[in-house]
1. Please name all residue pairs, on different chains or six or more residues apart, with Cβ atoms under 8 Å, provided the first residue is in region 40-51 and is under 16 Å from Ile10 (Cβ atoms) and the second residue is part of a helix (DSSP H, G or I).
2. Of all residues in region 46-85, which are under 30 Å from Thr6 (Cβ atoms) and of a type in the set (Gly, Ala, Ser)?
3. Among Leu74, Leu69, Leu41, Leu31, which is the only one that is in contact with a Lys or Arg (Cβ under 9 Å, 6 or more places away or on another chain) and not aromatic (Phe, Trp, Tyr)?
Amino acid sequence: MRPRMTPLEIQKREFAKQWKGLDRVEVQTFLSDVAEDMEALARANADLETRLRSLEQENDEHRERERILKQTLLSAQQASEDIRNAARREAELIVREAHDSSEKLTHSALQRSAEIEKAIHELKIQRANYRLQLQKSVELFQQVLDFDREEDEKDRPLSYLTRKGESAGS
């Protein structure tokens with residue numbers, strides 16, 4: 001609010017002269033004192049207005065910083081939530097892939113185990129066949145040996161026979 005009169009207007013103010021009036025010096029002194037007080041008040045008011053504008057500007061800056069900080073905090077919270085969600089999705093994907101991989105490995109291991117068991121069974125059958133063939137071969141050799149021994153035994157008495165000319169001369 002601007003005062004209606006300035007200190008200079010108060011100092012220059014002239015009053016009409018009357019025959020019985022106030023003491024001129026006293027009025028002038030009073031007006032001078034009032035003008036000085038008004039000037040001091042005007043300076044103080046100007047200083048306060050300057051200080052007020054400065055504080056309002058500082059307050060606006062603080063409000064802007066607060067708004068920016070709130071935005072930054074909200075952005076950080078959103079980013080944190082996004083990171084957590086992405087990490088959760090990635091972890092679920094990793095677990096799902098690990099589960100699928102373990103299923104495949106288990107299936108593969110079971111299939112390989114079945115193949116090995118089948119191969120072992122086939123090898124046992126082959127071993128039994130070889131054993132049987134070997135046993136037949138051994139029996140055949142035994143029969144051949146037995147036959148050969150029998151033949152040898154049949155031939156022995158012939159070897160003790162006398163020769164034709166030797167038996168006549170005896």
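1. Ala42/Pro7
2. Of everything in region 46-85, those that are under 30 Å from Thr6 (Cβ atoms) and of a type in the set (Gly, Ala, Ser) turn out to be Ala46, Ser54.
3. Leu31
Values quoted throughout were computed directly from the atomic coordinates according to the rules given, and no laboratory measurement underlies them. Computed from a predicted structure; not experimentally measured. Backbone-built Cβ (ideal geometry, glycine too); neighbour counts: all protein chains shown.
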